[in-house]
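The values are calculated or read from the model by the stated rules, or taken from the named source; none is laboratory data. On a predicted model such as this, the values are computed, not experimentally measured, just so you know. Every residue, glycine as well, gets a Cβ built from its backbone with ideal geometry; the counts of neighbours run over all protein chains shown. Keep in mind that these areas ignore ligands, DNA and RNA; they rest on the heavy atoms of the full protein, side chains included. Shrake-Rupley method; radii C 1.70, N 1.55, O 1.52, S 1.80 Å.
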Amino acid sequence: MREITYAQAINEAMSEEMRREKNLIFMGEDIGLYGGAFGVSKGMFEEFGPERILDTPITELAITGCAAGASMTGLRTIVEIMFSDFMTLAMEQLANQAAKNRFQFGGQGSVPMVLRAPGGSGTGAAAQHSQSLEAWVAHVPGLKVVIPSTPADAKGLLKASIRDDNPVVFLEQKLLYRVKGEVPDLDEDFIIPLGKADIKREGKDVTIITYGRMVQRCIKVAEEFAKDGVEIEVVDIRTLVPLDKETLISSAKKTGKVLVVHEACQTGGFGGELVSVVVESDAFFYLDAPVKRLGGLDVPIPYNPGLEALVVPTEEKITAAIKDLL
Amino acid sequence: MKLSKEIHKELYLKMNQTREFEETAARLFVEGKVHGTAHFCIGEEATGVGVCSALEVEDYILQTHRGHNQGIGKNMDINKMMAEFRGKATGYCKGKGGCMHIADFSVGSLGANGVVGGGLPIATGAALKQKYNKEKNITVCFFGDGASNEGAFHESLNLASVWKLPVLFVCTNNLYGMSTPVSKSMNIEDISIRAASYGIKGIALDGNDVVNIYEETLKAKEYILENGPMLMVLNTYRWMGHSKSDAQIYRTKDEVKEWKEKCPIKQHKKFILENKIMTEDELVAIGKQAVEDIEKAVEFAENSPEPRIEDIFDDVYA
Ligand SMILES: Cc1ncc(C[n+]2csc(CCOP(=O)(O)OP(=O)(O)O)c2C)c(N)n1
Ligand SMILES: [Mg+2]
C-alpha cells in the first residue's frame with residue numbers, strides 16, 4: 001500500500017468529498033492560497049476556487065455559526081479552527097447552537113458540519129496553543145467527537161464525518177501531521193464508520209485504552225513488554241462520541257487488567273469516562289486489578305521543552321503504570 | 001511639542017534594542033537553541049516603543065504576540081526577556097510562558113497574548129480598576145488589524161465606551177493578519193473609523209514615525225482621562241514572515257522593499273540629524289549600546305538554569 005502523511009490524508013479526504021459533493025464548502029483562516037497554518041489544505045484553493053474554499057477574517061465565533069447556518073439550510077460545511085484552543089472562542093455557536101439545533105426544534109433540521117482543529121502539545125507553543133480539549137466537546141450531547149491516530153484513520157474517519165448529518169468535532173494531532181502511514185489507494189472510496197474502536201495491537205495480558213498521539217507511544221511500550229513475554233493489547237477508541245463500548249469491554253474481559261492513557265489533563269478528562277465504561281460493565285467481574293488512569297498533569301502546558309515533554313504521559317510513565325498493574 | 005534630547009535617546013535606543021533582540025532571536029532559532037515559534041515586529045518598532053515610552057509605570061499595557069517592542073518600550077528587563085525566550089528559570093515567567101506569554105507586572109505589563117484579541121476584554125477590566133480607584137492612569141491595549149475583526153474587539157470598545165473607561169486601544173495595522181490582507185478581511189481602509197460605531201474618538205497615524213506616536217500618546221492620555229476611551233491606529237508593516245515558518249506567498253518582494261525604505265529607525269535618525277538633536281557619532285554609540293545590551297542578555301540567558309519539573313505545580317493556583 002502507498003504511504004502518505006496524516007496531513008495529506010486529511011487533504012485527500014476533504015478533496016475527494018468536495019469532488020463528490022458539490023454542496024460541500026470549506027472555510028477557515030488562511031486556508032486558501034496559504035494552504036492553512038499547518039499546510040493541510042495545500043492545493044485545494046487552486047482546485048475548488050474561492051467560492052468553495054473560503055478564507056475568513058479572524059473571527060472564530062462567526063465562522064462556526066456561519067457554517068452551522070449554512071449546514072442547517074442545505075449546504076455541508078467544513079470549518080478549520082487554526083488551533084483547537086480557539087474552539088473556546090467558537091464554543092457558543094458550537095455548543096449552544098450547532099449541537100442543540102436539531103433536538104430543541106423537534107428534529108426539524110440537521111447540522112451536517114465538521115469542525116476540524118489540531119490539538120496537543122509538543123511544539124513549543126505553550127499554554128494557549130497546546131491544549132487537548134476533547135472532554136469539553138464530548139460533554140455536549142449533539143456533537144460527535146473524533147480523534148484519529150494514523151493517516152488511514154484520519155482519511156477514513158474524516159470522510160465519514162463529512163457524510164454524517166450531525167456536527168462532528170474532528171480533533172487532529174499537530175505532532176502527527178508529518179507522520180506517514182499506509183493509506184488505501186486513491187480509487188477506493190475509503191470510509192471508516194464513526195463509533196468503531198480499533199485494536200491497534202493484540203495482546204492477552206493487559207489492555208491499554210487510548211487515542212490520538214498516545215496510541216503510537218503505547219504501542220512502543222507494548223513492544224518493549226513483549227520482549228519479556230507480556231502481551232499488551234492497545235485499543236484505539238478513535239471516536240469518543242459515539243463510543244464503541246463493546247470493544248473496550250471485551251478487551252477488558254480478555255486481559256483483566258486495564259490502563260487508560262491520554263494526553264489531556266487527567267482531572268475531568270475523557271479517561272474517567274473510559275474507566276467508567278469498563279467498571280460499570282460485567283467486565284468488572286473479570287478484573288484482576290483496579291483499573292488505572294494516566295493522563296497529563298493538571299497544569300497548563302509549559303513553554304520550556306524539557307517541562308513540556310514531562311507533563312504528558314511519557315513512555316516511562318506508561319511503563320511504570322503497566323508494571324503497577326502486573 | 002519639542003521632545004528633549006533624553007527622550008530621543010530613549011526612543012532611538014529602545015528601537016535599536018528591539019531590532020537587535022529580534023535579529024538575535026531569529027539567529028538562535030537557526031542555531032537550534034529555541035523551540036516553538038516567535039513573531040517578529042521588525043519594521044514596527046516605532047509603534048510599541050513610541051506609545052509605551054510616553055507612559056508611566058502605573059499605566060498598564062496589554063501586549064500582543066508580536067510585542068517585543070511593546071515590552072522594551074515599557075522598560076522590561078531585556079535579560080529576563082531573553083531568558084524567557086530561551087525557556088530558562090530566570091525568565092520573566094520562569095520558562096513557563098515563552099515570548100508569546102511574557103509579562104512584567106512590576107513595570108505595568110499585564111502580559112502578551114497568544115490569543116488574537118485576547119487582551120481587549122482584560123484591558124477594560126484593568127481600566128475599570130483604575131477608574132474605580134480614581135487613578136490618573138490609563139490602560140493601553142495593543143492588538144492587530146486582524147484582531148479588530150474578533151468579537152472581543154467590538155464588545156470591548158463598546159463596554160469601554162458606555163462605562164467611559166480609561167483605555168487607549170492601539171491597533172497596529174501591519175496590513176496583514178497572517179496571510180490575509182486587510183483588504184480581504186474588512187471593507188474599510190481606515191480602521192480608525194470603527195471607533196465611530198462605539199461613539200468614541202478614533203485617529204490613524206503613521207506607525208513608523210516614533211516621534212509623532214510618542215507625542216500623540218501623551219495627548220491621548222490626557223484626552224482619555226477626561227473623556228473616556230480612544231482608538232489609535234498605527235499604520236505600519238511587518239518585514240519578516242508572520243512567524244518562524246512563512247513562505248510569504250501572499251505579498252510581493254517589491255511591497256516589502258517599499259516598506260523597508262520607510263524604516264522607523266532610519267526615519268528617526270534622519271529627524272535627529274536634521275534637527276541637530278544628536279550627532280552621527282552619538283547615534284552610532286547608541287546603536288553599539290543596543291548590540292551590547294542584547295549580547296549581555298544572550299549570555300545571561302545562556303548561563304541561566306532550566307526550570308525544574310519539581311516546580312511544575314507552582315503557580316497553577318494562588
Ligand atoms: C483567536 C485566535 N485565532 C487565530 C490565531 C492564530 N493567529 C495568530 S496571529 C494571527 C494573525 C493576527 O493578525 P493581526 O491581529 O493583524 O496581528 P499581526 O500578527 O499582524 O501582528 C493569527 C490568525 C490566534 N492566535 N488566536
Ligand atoms: Mg496584522
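Among the residues of segment A:39-60, those that are away from every other protein chain (no Cβ under 14 Å) and in a helix (DSSP H, G or I) comprise A:MET44, A:GLU47, A:PHE48.
Taking the condition more than 10 Å from chain B (Cβ to nearest Cβ) and open to solvent by less than 30 Å² (accessible area, probe 1.4 Å), does A:THR73 pass? Criteria not met by A:THR73.
Applying the selection to segment B:59-72, what residues are away from ligand 2 (no atom under 16 Å from the Cβ) and either open to solvent by 20 Å² or more (accessible area, probe 1.4 Å) or among the basic types (Lys, Arg) (or both)? Once the filter is applied, which keeps residues that are away from ligand 2 (no atom under 16 Å from the Cβ) and either open to solvent by 20 Å² or more (accessible area, probe 1.4 Å) or among the basic types (Lys, Arg) (or both), segment B:59-72 yields only B:TYR60.
Could you list all residues from segment A:15-67 that are aromatic (Phe, Trp, Tyr) and open to solvent by less than 10 Å² (accessible area, probe 1.4 Å)? Full working, then the answer.
Taking segment A:15-67 first, the residues aromatic (Phe, Trp, Tyr) are A:26, A:34, A:38, A:45, A:48.
Once the filter is applied, which keeps residues that are aromatic (Phe, Trp, Tyr) and open to solvent by less than 10 Å² (accessible area, probe 1.4 Å), segment A:15-67 yields only A:PHE26.
Of all the listed residues (A:GLY120, A:GLY107, A:GLY124), the sole one being open to solvent by 10 Å² or more (accessible area, probe 1.4 Å) and small (Gly, Ala, Ser) is A:GLY107.
Residue by residue, here is whether (1) without any contact (Cβ under 8 Å) to a residue 60 or more places away in the chain; (2) away from ligand 1 (no atom under 16 Å from the Cβ) holds:
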{"residue": "B:VAL233", "(1), (2)": "no, no"}
{"residue": "B:ARG238", "(1), (2)": "no, no"}
{"residue": "B:SER245", "(1), (2)": "no, no"}
{"residue": "B:TYR250", "(1), (2)": "no, no"}
{"residue": "B:VAL256", "(1), (2)": "yes, no"}
{"residue": "B:ILE272", "(1), (2)": "no, yes"}
{"residue": "B:THR279", "(1), (2)": "yes, yes"}
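Answer yes if at least one residue in segment B:188-195 is more than 19 Å from the chain's Cα centre (by Cα), more than 16 Å from ligand 1 (Cβ to nearest atom) and open to solvent by 10 Å² or more (accessible area, probe 1.4 Å), and no otherwise.
Yes.
Looking at segment B:148-155, can you tell me whether even one residue there is open to solvent by 30 Å² or more (accessible area, probe 1.4 Å), of a type in the set (Asp, Glu) and more than 15 Å from ligand 1 (Cβ to nearest atom)? Checked segment B:148-155: no residue is open to solvent by 30 Å² or more (accessible area, probe 1.4 Å), of a type in the set (Asp, Glu) and more than 15 Å from ligand 1 (Cβ to nearest atom). Select from segment A:121-142 the residues that are more than 14 Å from chain B (Cβ to nearest Cβ) and in contact with an Asp or Glu (Cβ under 7 Å, 6 or more places away or on another chain) and list them in ascending order. Matches in segment A:121-142: A:SER132 only. One residue alone among B:ASN79, B:ASN16, B:ASN75 is more than 14 Å from chain A (Cβ to nearest Cβ) and either on the phi > 0 side of the Ramachandran plot or open to solvent by less than 10 Å² (accessible area, probe 1.4 Å) (or both), and that residue is B:ASN75.
Mind listing whichever residues of segment B:100-113 are in contact with a helix residue (DSSP H, G or I) (Cβ under 8 Å, 6 or more places away or on another chain) and either in a helix (DSSP H, G or I) or open to solvent by less than 10 Å² (accessible area, probe 1.4 Å) (or both)? Steps first, answer last, please.
Within segment B:100-113, the subset in contact with a helix residue (DSSP H, G or I) (Cβ under 8 Å, 6 or more places away or on another chain) is B:102, B:104, B:109-113.
B:ILE102, B:SER109, B:GLY111 - these are the residues of segment B:100-113 that are in contact with a helix residue (DSSP H, G or I) (Cβ under 8 Å, 6 or more places away or on another chain) and either in a helix (DSSP H, G or I) or open to solvent by less than 10 Å² (accessible area, probe 1.4 Å) (or both).
Those helices (runs of 4 or more DSSP H) of segment B:200-297 in which at least 3 residues are open to solvent by less than 50 Å² (accessible area, probe 1.4 Å) and touching a helix residue (DSSP H, G or I) at 6+ places or on another chain (Cβ under 7 Å), considering only elements entirely within it, cover B:210-227, B:264-274.
Out of B:LYS131, B:LYS88, one residue alone is part of a loop (DSSP other than H, G, I, E, B) and either closer than 23 Å to B:GLU222 by Cα or within 14 Å of chain A (Cβ to nearest Cβ) (or both). It is B:LYS88.
Kindly indicate whether any position in segment B:119-138 is touching a strand residue (DSSP E or B) at 6+ places or on another chain (Cβ under 8 Å), near ligand 1 (Cβ under 8 Å from one of its atoms) and closer than 24 Å to B:ALA46 by Cβ. Let's see the steps before the verdict.
Residues of segment B:119-138 touching a strand residue (DSSP E or B) at 6+ places or on another chain (Cβ under 8 Å): B:119-120, B:122-124, B:126-127, B:130, B:137-138.
Now restrict to residues that are near ligand 1 (Cβ under 8 Å from one of its atoms): none.
No - not one qualifying residue is present in segment B:119-138.
List the helices (runs of 4 or more DSSP H) that sit entirely inside segment A:79-198 and contain at least 1 residues that are within 16 Å of ligand 1 (Cβ to nearest atom) and over 18 Å from the mean Cα position of the chain (by Cα). Steps first, answer last, please.
Numbers: elements: A:87-91, A:101-104, A:134-138, A:151-163.
Output list reads A:87-91.
What's the total number of residues in segment B:176-187 that are assigned to a loop (DSSP other than H, G, I, E, B) and either surrounded by 24 or more Cβ atoms within 10 Å (Cβ to Cβ) or more than 8 Å from ligand 1 (Cβ to nearest atom) (or both)? First the steps, then the outcome.
Taking segment B:176-187 and keeping what is assigned to a loop (DSSP other than H, G, I, E, B), we get B:178-179, B:186-187.
Filter once more, so that each one left must be either surrounded by 24 or more Cβ atoms within 10 Å (Cβ to Cβ) or more than 8 Å from ligand 1 (Cβ to nearest atom) (or both): B:179, B:186-187.
The total comes to 3.
Beta carbons closer than 6 Å, at least 6 apart along the sequence or on distinct chains, never pair a first residue in segment B:139-168 that is away from chain A (no Cβ under 14 Å) and part of a strand (DSSP E or B) with a second that is modelled with pLDDT under 95 and within 10 Å of ligand 1 (Cβ to nearest atom).
Select from segment B:196-224 the residues that are small (Gly, Ala, Ser) and more than 20 Å from the chain's Cα centre (by Cα) and list them in ascending order.
So the first thing to find is which residues in segment B:196-224 are small (Gly, Ala, Ser), and the list is B:196-197, B:199, B:202, B:204, B:207, B:220.
Listed by number, the residues that qualify are B:ALA196, B:SER197, B:GLY199.
Restricting the search to helices (runs of 4 or more DSSP H) fully inside segment B:1-75 and requiring at least 1 residues that are closer than 16 Å to B:GLY144 by Cβ and modelled with pLDDT of 95 or more gives B:45-53, B:68-73.
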